[in-house]
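Presented below is the structure to which this report refers.
The values are calculated or read from the model by the stated rules, or taken from the named source; none is laboratory data. Since this is a predicted model, take the numbers as computed values, not measurements. Cβ placement follows ideal geometry from the backbone for every residue including glycine, while neighbour counts extend to all protein chains displayed. Accessible surface is based on the protein model in full, side chains and every heavy atom, while ligands, DNA and RNA are left aside. Shrake-Rupley method; radii C 1.70, N 1.55, O 1.52, S 1.80 Å.
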Amino acid sequence: MEGRLANSWRLTVNDKNFIKTALLSEIRIDGRKPYEYRKIAIKFGREDGSSEVQLGQTHVMGIVTAQLVQPYRDRPKEGILSIYTEFSPMADPSFEPGRPGELAVELGRIIDRGLRESRSVDTESLCVLAGKFVWAIRIDLHILDNGGNLVDAANIAALAALLTFRRPECSLGGEDGQEVIVHPPEIREPLPLTVHHLPIAITFGFFSNESILVIDPTHNEEAVMSGRMTTTVNANGDICAIQKAGGEGVPQRVIMQCLQLATAKAVGITKQIKEAVEVYNTERALRKIKRHPTSTSVNVREKQNQSIGK
């Protein structure tokens, strides 16, 4: 990975040897134990569908928006879920603006696989008019600071933003009943997405030919580790996805150990996300001010390409 190589160049030989020697004694340079996660902080913006997650020194922002589009021909009754990542050079000097690098592509695919293959988001509930109009949910992940383990932090940011996002309510009208009317929030309360479960990504770093295992590697640890594996599981212990990047093969025994550790961590992270979302919903209800409708409903046939952001 280009990010790992760039960071490796900034570390001296003594730095690398110190990290490896400390791990042999089950000591990490930030004081954590091998299976200990860094502190997670979850914040939300005033607008629905906006979240900020800080995992140690790693900082990621997630923003969810929605737009009415035509569905895929082979799935006329399902909405669309897509993920986009932005790696700013301000987050890490190794990130280059413009075309997404290998790390950005991999991060998006891991999160997308965990959400899509586990059917975490009910895409059928996003259908407005079968074969004609469905909601396309877009998740934008902005990397603000790279302190290591971007996948886990970005995954939490995506889930937190999804849980606080609300799409406009729609109804069918017109003489033929085929006109989709989007109601502004002043007239009808927007609707939250249907999320069945939370797929939590837990990343493991391998050192010394896969013999040393740690959870949630930091930026410096990523520069010297020999391999990495991300397991996406939910609080029920269901396996949503597994991604092994680089290094030698991992024995089945180690994979099973990782899955057990990941499930235990997923329970705690899921609880923290839900508690943060509950606090946000309570604050949202308190600051909500009833206003008289100042606009009329929007006819989709006139503005079907207009993006609706929250």
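Points worth noting:
- Tally, over segment 211-248, of residues that are charged (D, E, K, R) and surrounded by fewer than 17 Cβ atoms within 10 Å (Cβ to Cβ): 3
- Residues that are open to solvent by 70 Å² or more (accessible area, probe 1.4 Å) and at pLDDT below 95, drawn from segment 37-59: R46, E47, Q57
- Condition broken by F87, with the remaining ones in (1) surrounded by 18 or more Cβ atoms within 10 Å (Cβ to Cβ); (2) farther than 13 Å from L150 by Cβ satisfied: (2)
- Restricting attention to segment 92-106, the residues being touching a residue at least 40 places away in the same chain (Cβ under 8 Å), farther than 20 Å from A201 by Cβ and open to solvent by 40 Å² or more (accessible area, probe 1.4 Å) number 1.
- Once segment 231-247 is narrowed to residues that are over 13 Å from D152 (Cβ atoms) and of a type in the set (S, T, N, Q), the residue that is modelled with the lowest pLDDT is N236.
- Any hit, segment 60-76, residues being part of a loop (DSSP other than H, G, I, E, B), open to solvent by 30 Å² or more (accessible area, probe 1.4 Å) and more than 25 Å from S120 (Cα to Cα): no
- Whichever residue in segment 107-123 is closer than 25 Å to G237 by Cβ, of a type outside the set (K, R) and in a helix (DSSP H, G or I) and, among such residues, is most open to solvent (accessible area, probe 1.4 Å): E117
- Residues in segment 193-209 that are assigned to a strand (DSSP E or B) and either modelled with pLDDT under 95 or hydrophobic (A, V, I, L, M, F, W, C) (or both): V195, I200, A201, I202, F204, G205, F206, F207.
- If you go through segment 160-187 and keep only what is within 20 Å of D122 (Cβ to Cβ) and assigned to a loop (DSSP other than H, G, I, E, B), you end up with F165, P168, E169.
- Any hit, segment 248-268, residues being at pLDDT below 85 and not charged (D, E, K, R): yes
- Of all residues making up segment 124-155, the number that are open to solvent by 10 Å² or more (accessible area, probe 1.4 Å), in contact (Cβ under 8 Å) with a residue 60 or more places away in the chain and within 27 Å of E169 (Cα to Cα): 8
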